[in-house]
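Read the structure below first, then the notes.
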Amino acid sequence: MVQAYGEKARLCASPNPQVSLVFSRSRPLDLVELERLLEAVGWSRRPVRRVRRALENSLITVGLWRHDPRVPRLIGFARCTGDGVLEATIWDVAIHPLYQGAGLGRQLMDYLLDALRGMGTERVTLFADPGVLPFYERLGWELEPNGHRCGFWYAS
């Protein structure tokens, strides 16, 4: 699997033992496949060239792949921006609707925070739609007190 997903890849606990799921920070993202995932979760389309630049300028990008030796499928995604030392911001967290409710979003956030901890990041902010803020609150994020679109995580 290292060859397909890179050395920092990690298996994700799957709700279906017949399906292998893998987190990867180094497997190249197909922008069309990423756009399909984001459309599936209800996000509006963004210009591909701008998405490409955003990915190139991100500190970390993570794909969650449904493993298939021939054609792995992207079923989850998240990215971070930041300085790589003190602070980072998480953006664009998405799990395909067919896979939601099985704990994959929690595992994706754990994987991302582990990577940020490994960099020594002390504070992480998150921007998300108001409808999903309760999800992050259940994960222990401190929400912005006025109920806006952000939350905070601090290294301990």
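Pick from Leu34, Leu139, Leu74 the residue whose mean-square fluctuation is largest in a GNM of the chain, springs joining Cα atoms under 10 Å. Answer for the Gaussian network model of the chain: Leu139. Per residue, the chain exposes an accessible area of 58 Å² to a 1.4 Å probe, with every protein chain left in place.
How large a share of the accessible area of the chain, in percent, is made up of carbon and sulfur atoms when the probe is 1.4 Å and the other protein chains stay in place? Please report the intermediate quantities before stating the final value.
Values: 4460 of 9100 Å².
So the carbon and sulfur contribution to the accessible surface is 49 percent.
Computed from point charges on the beta carbon alone (+1 for Lys and Arg, -1 for Asp and Glu), the dipole magnitude for the chain about its Cα centre is near 500 Debye. Legend: residues Arg27, Arg46, Arg138, Arg79, sorted from most to least accessible area (1.4 Å probe; ligands, DNA and RNA excluded), read Arg138, Arg46, Arg27, Arg79. Within the listed set Gly120, Gly140, Gly131, the Gaussian network model of the chain (springs between alpha-carbon atoms below 10 Å) gives the highest mean-square fluctuation for Gly131. Based on alpha-carbon atoms, the Kirkwood radius and the radius of gyration of the chain give Rg/Rh equal to 0.94.
Among DSSP bridges having both ends in the chain, what percentage is antiparallel? Round to the nearest 5. Each step should come with its number before you reach the end.
On the way: 27 of 31 bridges.
Rounded to the nearest five, the antiparallel share is 85 percent.
The values are calculated or read from the model by the stated rules, or taken from the named source; none is laboratory data. Remember, predicted model here, so these are calculated numbers, not experimental data. Counting neighbours? That spans all protein chains shown, and the Cβs are built from the backbone with ideal geometry, glycine included. Just the protein is used for accessible areas: all its heavy atoms, side chains included, with ligands, DNA and RNA removed. Shrake-Rupley method; radii C 1.70, N 1.55, O 1.52, S 1.80 Å.
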